[in-house]
Amino acid sequence: MKYKYYETLYILSPDLPNEEYDSLAQKFSDVVDRSGGVPVKVSMWGKRPLAYGIKKFDRGFFILFRYCGNSSTVLELAREMRIDERLLKFQTIKLSDDENPETAKEREANAQASDRASYDENHGFNQDDNDFAEDGYEDDDLPAYDGASEDEVGDDSEE
């Protein structure tokens, strides 16, 4: 069966215990399941600063939730989210009109593995090689930063 593919980013109050974040993520996943949808992936992004204050909070706990369903699935999830006072804000977008849930799950799993490998490769991460001193770098070898000279910045004075 084909579904529409959605992504909902929601922000929870930052002062909740960690177990409550897990329980809310499970609650919203169950709402999608009960309303005929298929949960695909829940990504816990953790506590992050907000661009502007929401309900007197300057930080929030972010969760990205991807799922397959139809419009009634989205409406029921939004209804449940509006009721819960621990939720500060949420936004849902449609990623595609025609999606197979199993294909979406496979794609998410492959993307996660690929992202991890790419990150490790691009950032030179190596479990056996994580000490700067072993690489020949000592704190004394690094140049001290003493600010930019006038030649580097340019002269803004008017004559």
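Miscellaneous remarks
- Filter result for residue 4 (among the basic types (Lys, Arg), within 19 Å of the chain's Cα centre (by Cα), surrounded by 13 or more Cβ atoms within 10 Å (Cβ to Cβ) and not in a helix (DSSP H, G or I)): no
- Complete set of residues in region 78-115 that are under 19 Å from residue 2 (Cβ atoms), modelled with pLDDT of 90 or more and not β-branched (Val, Ile, Thr): 94, 95, 96, 97
- Restricting the first member to region 63-75 and to residues that are under 8 Å from residue 37 (Cβ atoms), and the second to residues that are among the small types (Gly, Ala, Ser) and buried (at least 19 other Cβ atoms within 10 Å of the Cβ), the beta-carbon pairs closer than 7 Å and six or more apart or on different chains are 67/37; 68/37; 68/104; 69/37; 73/37.
- Remark: residue 62 matches the filter, which requires a residue to be within 18 Å of the chain's Cα centre (by Cα) and aromatic (Phe, Trp, Tyr).
- Single residue of region 1-15 satisfying the filter (at pLDDT 95 or above and of a type in the set (A, V, I, L, M)) that is nearest to residue 98 (Cα to Cα): 9
- Where a residue in region 41-58 is assigned to a strand (DSSP E or B) and its partner, wherever it lies, is acidic (Asp, Glu), with Cβ under 6 Å and at least six apart: 41/108; 50/58
- Residue 24 vs. criteria in contact with a Phe, Trp or Tyr (Cβ under 9 Å, 6 or more places away or on another chain), in contact (Cβ under 8 Å) with a residue 12 or more places away in the chain and surrounded by 18 or more Cβ atoms within 10 Å (Cβ to Cβ): yes
The values are calculated or read from the model by the stated rules, or taken from the named source; none is laboratory data. Please read these numbers as outputs of a predicted model, since none were measured by experiment. Backbone-built Cβ (ideal geometry, glycine too); neighbour counts: all protein chains shown.
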